[in-house]
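Asks: The structure's right below; bear with me while I get my questions together.
The values are calculated or read from the model by the stated rules, or taken from the named source; none is laboratory data. None of the values given here were measured: they were computed from a predicted structure. Counting neighbours? That spans all protein chains shown, and the Cβs are built from the backbone with ideal geometry, glycine included. Just so you know, the surface numbers come from the protein's heavy atoms only, side chains and all, with ligands and any DNA or RNA stripped out. Shrake-Rupley method; radii C 1.70, N 1.55, O 1.52, S 1.80 Å.
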There are 2 protein chains.
Amino acid sequence: MRLPPPAILAGLYAVLIILGGILLMLPAATAMPITWSDAMFTAASAVTVTGLVISDTGSQFTHFGQGVIMVLIQLGGLGLMTFAVLLLSMLGLPVTISQRIFLREDLNQTSISDLLVLVRGILKTVLACELLGVALLSGVFVPEFGWGEGLWQALFHTVSAFNNAGFALFPDSLSRYVGNPIVNLTIPALFIFGGLGFIVVTEAYGKRSWRAFSLHTKLMLVGTLALIVWSVLTFAVLEWSNPATLGGLASTGDRLWASWFQGVTTRTAGFNTVDIGSIHDNTSLMFMSLMVIGGGSTSTAGGIKVTTFIVLLLATVAFFRRSQQLHVFGRSIGAEEVMKVLALTMVSLMTVLVAIFLVTLSHDGDFLDFAFEVTSAFGTVGLSRGTTGDLDGFGRAVIIAVMFLGRVGPLTLGFFLATRSKPRVGYAPSKVYLG
Amino acid sequence: MRLPPPAILAGLYAVLIILGGILLMLPAATAMPITWSDAMFTAASAVTVTGLVISDTGSQFTHFGQGVIMVLIQLGGLGLMTFAVLLLSMLGLPVTISQRIFLREDLNQTSISDLLVLVRGILKTVLACELLGVALLSGVFVPEFGWGEGLWQALFHTVSAFNNAGFALFPDSLSRYVGNPIVNLTIPALFIFGGLGFIVVTEAYGKRSWRAFSLHTKLMLVGTLALIVWSVLTFAVLEWSNPATLGGLASTGDRLWASWFQGVTTRTAGFNTVDIGSIHDNTSLMFMSLMVIGGGSTSTAGGIKVTTFIVLLLATVAFFRRSQQLHVFGRSIGAEEVMKVLALTMVSLMTVLVAIFLVTLSHDGDFLDFAFEVTSAFGTVGLSRGTTGDLDGFGRAVIIAVMFLGRVGPLTLGFFLATRSKPRVGYAPSKVYLG
Ligand SMILES: [K+]
Ligand SMILES: [K+]
């Protein structure tokens with residue numbers, strides 16, 4: 001029996017989570033004994049690169065425990081990128097390698113040796129980015145913590161950032177570095193790069209010219225830029241005079257850095273430099289919509305993906321312009337693609353709604369906090385309004401399931417939608433009134 | 001210059017609201033003077049048949065004031081039904097009248113005399129339903145309040161119910177009749193009938209055989225039944241032991257009646273027999289999803305409409321079954337229709353999200369209550385968790401706008417989508433990765 005690739009991915013992730021949970025239960029991993037529930041939740045959060053934590057990672061876990069979490073993050077992030085690229089290549093959207101890695105549209109299968117070259121290509125990209133990240137962040141952490149601990153901090157936060165995991169070793173995430181330029185540039189650079197996706201990164205590296213880029217890469221670059229500008233500006237405007245967030249910061253410079261950081265972290269990274277539990281209700285709502293959108297395909301990011309959101313917007317705009325065809329950058333997007341977007345979005349929204357429904361079964365009263373928590377888990381973001389520790393056993397189980405679905409689900413659905421068959425029976429068409 | 005029909009509808013509604021507001025400001029209309037803001041909010045709520053109220057309609061307004069509200073409800077409800085049917089007939093989906101009113105698919109325009117017959121048909125249906133309603137409800141109200149006041153109560157609640165307005169003359173809506181069989185059967189019968197839509201009602205009356213029904217009617221009947229069963233059962237299960245709602249009722253019979261009533265009222269009617277402010281968070285979430293779905297086309301109901309929701313579900317299911325065609329009851333639904341559904345749903349969700357965002361700008365803290373309020377306004381439902389009176393001026397303006405959009409918007413969009421033109425330029429197709 002041959003399992004479909006997404007089932008293999010889901011199986012591997014489940015095994016990784018269970019192994020990680022067992023390792024985190026070892027006495028050497030924690031400062032104080034933790035429960036199985038704590039260990040499994042942490043492992044699931046790490047493997048799915050979500051970053052929701054029950055208690056402070058830096059003080060709860062020893063260096064060994066932190067190392068386990070870091071390896072889980074790296075495997076989870078890398079595994080996903082590799083699998084995503086492999087799946088796309090199997091779907092007749094081959095990603096193959098000659099001198100540079102690029103997309104070729106005329107090849108229907110990839111050989112094992114091609115795959116090995118591909119994986120090597122991904123590993124080299126990851127290694128290069130992470131080495132650069134460690135070098136830059138050492139400039140902050142080594143002076144503060146000394147060589148040993150400083151390098152460890154730099155390595156952990158680099159891996160966590162590049163894989164969009166959002167795990168930090170401080171109780172308030174990176175709030176202590178709210179005005180630090182190196183942290184404010186390096187960490188976001190790592191997670192934005194990691195969140196663009198392998199296709200975009202290799203195409204940008206290989207082609208270096210806007211005209212030569214594929215539609216996917218163009219949409220990703222323009223969409224990511226627009227989303228960043230929108231979220232940074234909106235966050236600044238909404239929170240500027242909130243004394244518990246931007247309003248409480250010492251200088252205008254710090255406020256601008258914090259607006260930048262919170263604006264870019266929301267779609268999937270999950271680090272924060274101000275207290276997310278104190279942001280306004282409407283800022284939270286905006287964050288929830290960004291968390292659902294997420295990052296790019298074949299990236300370490302979650303969500304329905306930037307391209308899905310763009311197609312959704314384009315389809316809506318097309319209707320208002322009374323055109324039956326979707327087109328952007330001189331290319332059309334077929335009804336087929338729009339249907340996929342519809343299905344993916346519907347299933348995603350349903351998942352989030354059902355999960356909020358289930359979590360609030362046992363947690364009446366703090367609706368916004370729990371809705372935020374669930375959306376964060378679905379987008380594998382990891383931002384929290386402070387309720388992760390308040391979840392009971394059932395709530396934790398739901399959040400673990402949502403993190404898992406948020407990680408494996410969109411890829412599985414994407415695979416499913418891309419391989420579906422042609423219709424066999426024709427039916428007489430009919431109209432339904434919708435207005 | 002010829003205005004498009006939806007613009008005429010929107011203009012008429014605006015004029016009706018302003019006139020109604022002026023009438024409600026007359027000293028004869030109220031027990032105590034009210035503000036312009038109160039008067040306009042009440043008029044908008046009545047004309048859009050929403051039913052959100054700032055204070056108790058029964059004690060705030062005199063019989064004259066209540067009469068104004070009743071006439072506004074009747075004009076708002078009738079006007080919408082008539083306009084919806086007229087619009088559909090102009091869109092090549094002609095609704096014409098011979099002996100019985102039915103849909104004919106081969107006529108592209110309707111003459112003025114046809115229209116007059118149509119309006120007479122609608123009026124006759126409405127009159128018949130409302131006379132029956134008054135007769136039945138008099139059996140409850142006349143013994144309690146005497147002939148004059150009792151008949152008035154019966155008339156007001158009948159008009160309010162048939163037009164899905166949800167205005168009641170008691171401070172706690174119909175809670176005092178939580179276990180009364182006549183109220184529990186008559187009021188829901190009126191609003192379910194009014195919420196099915198003119199097309200369904202006339203077809204059911206004219207054809208009387210399942211096989212002869214159009215796809216639209218079949219979908220509406222099956223969808224409405226399924227939604228009612230779902231919402232009644234879920235409400236009963238979730239609230240059965242909530243001491244502030246079902247758990248506080250005297251008998252199991254009352255609990256069952258209350259489950260029935262709350263289950264059917266949520267999609268658009270807006271009456272209630274238990275305290276909506278006390279239902280659980282997850283019950284509120286389920287209610288919000290039902291309020292977005294709403295009732296039927298060419299009815300007095302709001303929301304994206306039951307048929308839109310069904311097509312959305314069918315499209316999603318079709319993808320999971322790997323079929324490229326949507327079909328139900330032996331008929332196919334084209335990609336075109338699915339696109340319309342996508343656009344309508346996207347715009348609706350965006351409207352609700354933006355409105356929640358705007359309302360929470362000035363109301364931090366009770367997120368669920370205000371999200372519920374906005375959703376209720378969009379679906380022109382009128383259920384409230386008790387925050388209508390807490391809205392400030394800006395919040396009221398937003399809710400008025402949302403009620404108006406919720407009423408006129410889907411019809412306008414439906415008209416817009418149905419009349420759009422064919423594409424003129426072809427673009428090379430391209431793929432975008434969405435998973
Ligand atoms: K994350
Ligand atoms: K209503």
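Asks: Describe numerically, in nm with one decimal, the distance between label points set 7 Å from Cα along Cα→Cβ at A:R321 and at A:E149.
Replies: The modelled label-to-label distance comes out at 5.7 nm.
Asks: How do A:I22, A:I187 stack up against each other in accessible area, from largest to smallest, with a 1.4 angstrom probe?
Replies: A:I22, A:I187
Asks: Could I ask something else about it? Over the range A:256-330, give the accessible area per residue in Å² for a 1.4 Å probe, as an integer.
Replies: About 24 Å² of surface per residue is accessible.
Asks: Leaving ligands, DNA and RNA out of it, rank A:D281, B:D369, A:D172 by accessible area with a 1.4 Å probe, largest first.
Replies: Sorted descending by solvent-accessible area, the residues read A:D172, B:D369, A:D281.
Asks: Here's something else I'd like to know. Where nothing but the Cβ of Lys and Arg (+1) and of Asp and Glu (-1) is charged, how large is the charge dipole of the range A:334-409 around its Cα centre, in debye to the nearest 20?
Replies: 220 debye
Asks: Quantify how strongly other chains surround peptide B:283-289 by giving the mean number of their Cβ atoms within 10 Å of each of its Cβ atoms.
Replies: For this peptide, the per-residue mean of nearby foreign Cβ atoms is 3.
Asks: Under 5 Å between amide H atoms, partner at least 5 residues away or on a different chain: which partners does A:F61 have, H built in plane at 1.01 Å?
Replies: A:A31
Asks: Would you work out which of B:F213, B:L238, B:G277 lies farthest towards the positive end of the dipole of the range B:164-286? Charges go on Cβ: Lys and Arg +1, Asp and Glu -1.
Replies: B:F213
Asks: Give a residue-ordered list of calculated ³J(HN,Hα) values for the range A:121-129 (Karplus: 6.51 cos²θ - 1.76 cosθ + 1.60, θ = phi - 60°; whole Hz; x for Gly, Pro).
Replies: x, 4, 4, 5, 4, 4, 4, 4, 4
Asks: Residues with amide H under 5 Å of B:G379's amide H, sequence separation 5 or more or different chain, H placed in the peptide plane at 1.01 Å from N; which?
Replies: It is none; the list stays empty.
Asks: Could you work out the mean count of beta carbons from other protein chains within 10 Å of each residue's beta carbon in B:360-368?
Replies: 5
Asks: Treating the point 7 Å from Cα along Cα-beta-carbon as the label, what are the nm separations from A:S251 to the other copies, to one decimal?
Replies: So the label point of A:S251 gives 7.5 nm to the other copies.
Asks: Students often get this wrong, so check it: of B:K218/B:K305; A:K305/B:K305; A:K340/B:K218; B:K218/B:K340; A:K218/B:K340, which have C-alpha atoms separated by over 25 Å?
Replies: Result: A:K305/B:K305; A:K340/B:K218; A:K218/B:K340 exceed 25 Å.
Asks: Compute the FRET efficiency between B:S241 and B:V354 as 1/(1 + (r/R0)^6), taking r as their Cβ-Cβ distance and R0 = 41 Å, and round to the nearest 0.05.
Replies: 0.65
Asks: Roughly how much of B:R407 is accessible, in Å² to the nearest 10, using a 1.4 Å probe?
Replies: B:R407 exposes around 10 Å² with every protein chain in place.
Asks: What is the distance, in nm, between label points placed 7 Å from the Cα along the Cα-to-Cβ direction at A:S278 and at B:R120?
Replies: Simple spin-label model gives 7.1 nm for this pair.
Asks: For A:S278, what accessible area in Å² do you get when you roll a 1.4 Å probe over the heavy atoms of the protein chains, rounding to the nearest 10?
Replies: Solvent-accessible area, nearest 10 Å²: 40 Å².
Asks: From the square roots a ≥ b ≥ c of the eigenvalues of the alpha-carbon gyration tensor of the range B:250-409, which class results: rounded (a/c under 1.5), prolate (a/b over b/c), or oblate?
Replies: It is oblate, given that a/c is not under 1.5 and a/b is not larger than b/c.
Asks: Apply the Karplus parameterisation 6.51 cos²θ - 1.76 cosθ + 1.60, with θ equal to phi minus 60°, to every residue of the range A:255-266 and state each ³J(HN,Hα) to the nearest whole Hz, in sequence, with x for glycine and proline.
Replies: Computed from phi, the couplings for the range A:255-266 are 4, 5, 4, 5, 5, 4, 5, 5, x, 8, 7, 6 Hz.
Asks: Work out from phi, with θ = phi - 60° and the Karplus expression 6.51 cos²θ - 1.76 cosθ + 1.60, the ³J(HN,Hα) of each residue of the range A:47-58, listed in order in whole Hz, and give x for Gly and Pro.
Replies: Values, residue by residue: 5, 7, 6, 8, x, 6, 10, 7, 9, 4, 4, x Hz.
Asks: Within 10 Å of each Cβ in A:304-311, how many Cβ atoms from other chains are there, averaged over the peptide?
Replies: 3
Asks: What figure in square angstrom, to the nearest 10, would you give for the accessible area of A:W260 with a 1.4 Å probe?
Replies: Accessible surface of A:W260 is approximately 70 Å².
Asks: If you take the accessible area of B alone, add that of A alone, and subtract the area of the pair, what total do you get in Å², probe 1.4 Å, to the nearest 100?
Replies: 7700 Å²
Asks: Once you list every other residue whose beta carbon is under 11 Å from the beta carbon of B:S37, what net charge do they have if Lys and Arg are +1 and Asp and Glu are -1?
Replies: Neighbourhood net charge equals -1.
Asks: Mind putting a number on the dipole of the range A:246-380 about its Cα centre? Charges go on the C-beta only, +1 for Lys and Arg and -1 for Asp and Glu, and I need it in Debye to the nearest 20.
Replies: Charge dipole of the range A:246-380: 760 debye, to the nearest 20.
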